[in-house]
Amino acid sequence: MPDSVKQGFRAGLVALAFLTAGVAPAVAFDPTPTVGAAGQAGFDATRLTAIGDFVQRDIAAGKIPGLVLLVLRDGKPAMFEAFGERAPGSAMRTDSLHRIASTTKIFVTTAAMRLYEQGRFKLSDPVATYLPELKDLKVFAGTESSTSADVPAPEAPRRGPTVEDLMRHTAGFTYWWIGPPNPVRRSQREQDLEGLYGATGEEMLAKLGRQPLLYQPGSTFEYSIATDVLGHLLERIEQKPLDRILSEQVLQPLGLSDTVWQVDEAQAGRLAEPSQATMAKDPLAWVYGWLDLRKAPKRFSGGAGLASTAGDVGRLLQMLANGGEIDGVRLLSPKTVRFMLHTDHLAGVRGPRNNVDEGYGWSLVNPVRLATGAHTTPGAPGDTYWGGITGPRYMIDPGERLVVVAMFQAPSLRGHYYAVLRQMIYGAMVK
């Protein structure tokens with residue numbers, strides 16, 4: 001069978017799995033479990049309690065300071081608990097605010113897809129149509145091992161990046177920390193292109209336009225700053241700042257009052273802060289200073305700039321799990337949700353699948369499980385997950401009508417806890 005046919009067949013199986021699973025009807029959202037809620041949701045309550053025991057043991061051992069876990073099935077909470085400390089000497093609460101880093105992407109992409117449904121742009125539109133700062137991009141011609149002294153002159157791109165490339169991370173951009181240092185990643189770090197507090201959006205785009213892309217647009221998946229660029233593109237289309245766009249398109253309609261770009265004085269007592277032990281032993285602890293959130297950003301990072309709660313994130317995810325509607329409020333069509341979140345958009349694209357589990361492709365915002373390939377955790381074709389470098393993780397399994405949100409502060413251990421929590425949650429599901 002030719003590769004193109006295999007890829008089309010694979011994508012079709014993923015879409016079919018989502019279709020046959022059905023779209024759960026919109027249901028009222030209340031994250032507070034009632035007595036017997038676990039059993040009514042198809043879980044063994046004793047096995048869910050074992051998850052809490054596991055978390056408490058790791059907190060006692062100093063592995064993580066605290067955690068909030070929300071498990072929803074059919075829109076109803078089976079578990080919503082806070083464990084450990086929010087900050088040294090302060091207990092974690094279910095409404096504690098967390099730096100959600102890349103979980104920001106699903107909020108901003110949801111806003112983008114609302115505008116897409118309104119005909120404000122096409123996925124095939126060149127990015128430079130809206131961001132002329134990026135019209136003269138060149139492509140890095142060296143290799144991962146190149147040094148600044150031996151890099152050939154940048155090449156012309158075979159085509160410019162599109163809006164779809166931004167969403168599926170095939171635009172050619174990168175993150176400075178995502179792979180081995182090379183001239184492009186070093187330049188990106190030195191110029192602080194991912195920073196929130198040093199440059200405005202216009203200043204960041206001007207610098208980005210003078211830096212080579214790491215790959216030819218459309219050729220390679222590389223998890224990247226592309227969603228930041230998407231956010232600035234939306235600002236140009238709407239002629240509004242991204243905070244206002246997100247508020248109008250997502251936060252206000254869903255009543256997400258705890259999802260913010262800056263934590264004010266009234267909210268500061270709920271902000272989860274890392275312990276000194278976490279800061280001392282975690283090599284990724286620099287992210288807490290990079291994403292301060294007590295300071296006003298100079299630009300809104302569409303890829304990483306938000307703080308939120310498990311409840312707010314869970315409500316957004318439940319809306320998507322319902323096919324775009326919750327509590328009678330429809331944000332997206334079910335067909336758009338399927339296209340955005342449960343369809344593989346990487347058929348024929350090569351590249352390192354940075355931090356993506358084996359057996360997953362990529363939708364327009366997150367990894368999506370394929371019908372084929374190895375898997376190390378339970379699930380089904382069409383399920384999706386992601387999180388953020390600061391620690392949060394989430395997942396949607398449309399077949400099981402399952403939504404999970406885990407909020408914790410252990411950047412280097414986020415993959416480990418996601419895998420263990422996921423296998424224990426599926427292990428507690430008995431119906």
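The values are calculated or read from the model by the stated rules, or taken from the named source; none is laboratory data. A quick note: this is a predicted structure, and the numbers were derived from the prediction, not measured. Here the Cβ is made from the backbone with ideal geometry for all residues, glycine too, and neighbour counts use every protein chain on show. All accessible areas refer to the heavy atoms of the entire protein, side chains included, with ligands and DNA or RNA removed. Shrake-Rupley method; radii C 1.70, N 1.55, O 1.52, S 1.80 Å.
Here are a few things to note about the model shown:
- Between the range 48-86 and the range 288-341, the C-alpha centres lie 22 angstrom from each other.
- The packing ranking, built from the mean of other Cβ atoms within 10 Å per residue, places the peptides 86-92, 423-429, 167-173, 371-377 in the order 167-173, 423-429, 86-92, 371-377, highest first.
- Accessible area in square angstrom per residue, the chain, 1.4 angstrom probe: 38
- Peptides ranked, highest mean first, by Cβ atoms within 10 Å: ranges 59-72, 260-273: 59-72, 260-273
- Most mobile listed residue (Arg158, Arg401, Arg99) in the chain, GNM with C-alpha springs under 10 Å: Arg158
- Shape of the range 318-382, Cα gyration tensor, a/c cut at 1.5: prolate
- Each of Ala206 and Thr372 was given a label point 7 Å from its Cα along the Cα-to-Cβ line. The distance between the two points is 5.0 nm.
- Only Lys, Arg (+1) and Asp, Glu (-1) charged, at Cβ; the range 127-271 dipole about Cα centre in debye: 400
- The chain: angle of helix 414-428 to the longest principal axis, Cα-based, in degrees nearest 10: 40
- Expected 222 nm ellipticity per residue - DSSP helices of 4 or more, -39500 (n - 2.57), all of the chain, to 500: -9500 deg cm²/dmol
- Toward the positive end of the charge dipole of the chain, with +1 on the Cβ of Lys and Arg and -1 on the Cβ of Asp and Glu, the farthest Cα among Thr34, Tyr116, Leu317 is that of Tyr116.
- The Cα-based radius of gyration of the chain, divided by its Kirkwood radius, gives an Rg/Rh of 0.95.
- The range 63-167 shape via C-alpha gyration tensor axes, a/c threshold 1.5: oblate
- The range 177-197 versus the range 220-239: alpha-carbon centroid distance in Å: 17
- The charge dipole of the range 81-186, taken about its Cα centre with unit charges on the Cβ of Lys, Arg, Asp and Glu (plus for the first two, minus for the last two), comes to roughly 160 debye.
- Placed amide H near Asp125: partners under 5 Å, 5+ positions off or other chain: Val163, Glu164
- Cα gyration tensor, the range 308-431 - rounded (a/c under 1.5), prolate or oblate: rounded
- For the range 255-347, the percent of C-alpha pairs falling in each 10 Å distance bin, counted from 0 to the bin holding the largest distance, reads 13, 32, 31, 21, 3.
- Of the peptides 390-400, 339-349, the order by per-residue mean of other Cβ atoms within 10 Å, starting with the highest, comes out as 390-400, 339-349.
- Cβ charges +1 (Lys, Arg) and -1 (Asp, Glu), total dipole of the chain, debye: 460
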